[in-house]
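Everything below concerns the one structure shown next.
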Amino acid sequence: MNAKIVVLAGDGIGPEVTDEARKILNVVAQKFGHTFTFDDQLMGGRAIDERGTSLPDETVAACKSADAVLLGAVGGPKWDKPDAEDRPERGLLGIRKALNLFANLRPVKLNQHLISASTIKEEVLAGVDMLVIRELTGGAYFGPRKEAGADGDEAFDTMLYTTPEIERVVRLAADAAMGRKKKLTSVDKANVLASSRLWRRVTVKVLADYPELEVEHVLVDAMAMHLIRRPAAYDVIVAENLFGDILTDEASMLAGSMGMLPSASLGDVMNQHNLPLGLYEPIHGSAPDIAGQGIANPLATILSVALLLRHSLGLEKEAAAIEAAVDSVLNEGVRTRDIASTGVEVVGTQIMGDLVAEKLLN
Ligand code: IPM
Ligand code: MG
């Protein structure tokens with residue numbers, strides 16, 4: 001297969017982790033006989049510095065004509081001025097919107113070998129295997145807002161949702177649940193928020209088409225608690241944008257580290273293979289504190305590559321091979337610093353990438 005992959009390395013540790021992901025894609029191409037071409041584009045802080053905007057037009061155009069987009073991370077203290085006109089994060093939100101990526105899939109699976117890397121008790125973690133689906137192009141991230149300027153004393157954001165926006169993401173989540181354990185948990189704050197009451201009403205209506213699903217509606221505050229109290233009880237969780245953002249950082253601790261969680265953002269734009277043109281990124285940020293030191297964990301980005309192959313290229317065998325290779329490296333006791341515990345071998349970003357590549361080739 002031929003595929004064009006746009007790489008948005010971004011800021012901080014972004015370039016380091018996407019380099020390792022690219023290494024893995026090259027190994028997959030070699031081993032399974034594919035041709036992947038990479039197109040590096042600017043987005044985020046570096047794009048502000050070099051092009052004067054966090055999301056240059058040519059980046060959007062390149063992404064639109066690609067089969068998939070691989071993203072590292074954006075942001076850093078350099079661009080964190082309160083009165084800044086543009087921000088790295090604006091580029092990220094902009095590309096999500098431009099590609100209509102309304103569903104963000106964040107699978108949370110505990111790797112057995114990492115049980116001791118989590119701060120949560122082993123018996124609570126046993127059996128954790130969930131898929132969080134976060135709505136990605138609506139809610140407070142994109143609703144009308146007012147910034148308080150230098151002398152302003154009022155600011156607001158609006159958590160705005162329309163019925164079709166809720167319908168499409170809930171349907172996607174319901175379909176995903178049908179292919180798993182047939183359990184769907186919808187998260188809202190319907191006891192307080194109007195947008196959540198719409199969310200719940202639409203969800204109930206959509207799910208009437210899925211009589212086989214076991215459905216639960218949970219308030220977001222309670223969900224935050226249940227996630228660490230009985231995480232193994234959940235299968236597919238669907239939530240609006242901001243709730244999903246917060247809950248998945250929390251859920252990442254179930255997998256041992258933020259450095260382990262991949263994500264896939266999908267919408268209704270199709271690529272030349274008639275599969276969704278998706279954006280794949282680790283859920284972690286740009287970690288400016290450790291950028292350039294070669295110690296970041298590349299596994300979330302490498303696992304994002306597995307999702308890319310699966311969802312945007314239909315290469316299930318190749319995706320599974322990457323996941324198995326990661327598992328096997330962890331099984332041998334090799335770790336990056338963020339998931340280290342006693343008795344393991346701690347390696348840097350590149351060595352971790354090399355080891356996964358080696359496993360893939362053998
Ligand atoms: C994420 C991140 C982003 C978000 C930030 C960097 C804008 O936290 O992908 O979860 O809030 O969506
Ligand atoms: Mg987040």
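Could you say whether any residue in region 87-105 is assigned by TED's automatic domain parsing to the domain that holds G343, farther than 30 Å from V236 by Cα and of a type in the set (A, V, I, L, M)? No, region 87-105 has no match at all. Inspect all residues belonging to region 325-334 and state whether any of them is modelled with pLDDT of 95 or more, within 16 Å of ligand 1 (Cβ to nearest atom), under 18 Å from the mean Cα position of the chain (by Cα) and not basic (K, R). No. Tell me, which residue of region 81-137 that is among the basic types (K, R) and without any contact (Cβ under 8 Å) to a residue 40 or more places away in the chain is farthest from ligand 2 (Cβ to nearest atom)? Once the filter is applied, the top-ranked residue is K121. Contact map, region 242-266: residues that are aromatic (F, W, Y) paired with residues that are within 14 Å of ligand 2 (Cβ to nearest atom), Cβ distance under 9 Å, separation 6+ or inter-chain. Pairs shown: F243/R134; F243/E135; F243/G139.
Which of the residues that make up region 172-194 are within 7 Å of L213 (Cβ to Cβ) and of a type in the set (G, A, S)? Once the filter is applied, which keeps residues that are within 7 Å of L213 (Cβ to Cβ) and of a type in the set (G, A, S), region 172-194 yields A174, A177.
Scanning region 312-343 for residues that are assigned to a loop (DSSP other than H, G, I, E, B), surrounded by fewer than 20 Cβ atoms within 10 Å (Cβ to Cβ) and touching a helix residue (DSSP H, G or I) at 6+ places or on another chain (Cβ under 9 Å) yields E332, G333, A340, S341, T342. Pairs meeting the criteria (first residue in region 278-306 and surrounded by fewer than 24 Cβ atoms within 10 Å (Cβ to Cβ) and assigned to a helix (DSSP H, G or I), second residue modelled with pLDDT of 95 or more and hydrophobic (A, V, I, L, M, F, W, C), beta carbons under 7 Å, at least 6 apart or on different chains) are I290/I13; I290/A296.
If you go through region 344-354 and keep only what is buried (at least 19 other Cβ atoms within 10 Å of the Cβ) and part of a helix (DSSP H, G or I), you end up with T349, M352, G353. For region 229-250, check the following and say yes or no: at least one residue is farther than 24 Å from G139 by Cα and polar (S, T, N, Q). No, region 229-250 contains no residue that is farther than 24 Å from G139 by Cα and polar (S, T, N, Q).
Could you please let me know if A68 is more than 16 Å from ligand 1 (Cβ to nearest atom), among the hydrophobic types (A, V, I, L, M, F, W, C) and more than 30 Å from S341 (Cβ to Cβ)? When the stated conditions are applied, A68 passes them.
Scanning region 260-277 for residues that are away from ligand 2 (no atom under 14 Å from the Cβ) and under 11 Å from the mean Cα position of the chain (by Cα) returns M260, A264, L266.
When region 231-260 is filtered for residues that are within 16 Å of ligand 1 (Cβ to nearest atom), part of a loop (DSSP other than H, G, I, E, B) and closer than 17 Å to I339 by Cβ, only S257 remains. Answer yes or no as to whether A73 is touching a strand residue (DSSP E or B) at 6+ places or on another chain (Cβ under 8 Å), surrounded by fewer than 22 Cβ atoms within 10 Å (Cβ to Cβ), of a type in the set (A, V, I, L, M, F, W, C) and in contact (Cβ under 8 Å) with a residue 12 or more places away in the chain. No; evaluated as a whole, the condition is false for this residue. All of (1) farther than 24 Å from E240 by Cβ; (2) of a type in the set (K, R); (3) modelled with pLDDT of 95 or more hold for R87 with one exception: (1). Here the condition is being crowded, with 24+ Cβ neighbours inside 10 Å and touching a residue at least 12 places away in the same chain (Cβ under 8 Å); of A68, A62, it holds for A68 alone.
The values are calculated or read from the model by the stated rules, or taken from the named source; none is laboratory data. On a predicted model such as this, the values are computed, not experimentally measured, just so you know. Neighbour counts run over all protein chains shown; Cβ positions are idealised from the backbone, glycine included.
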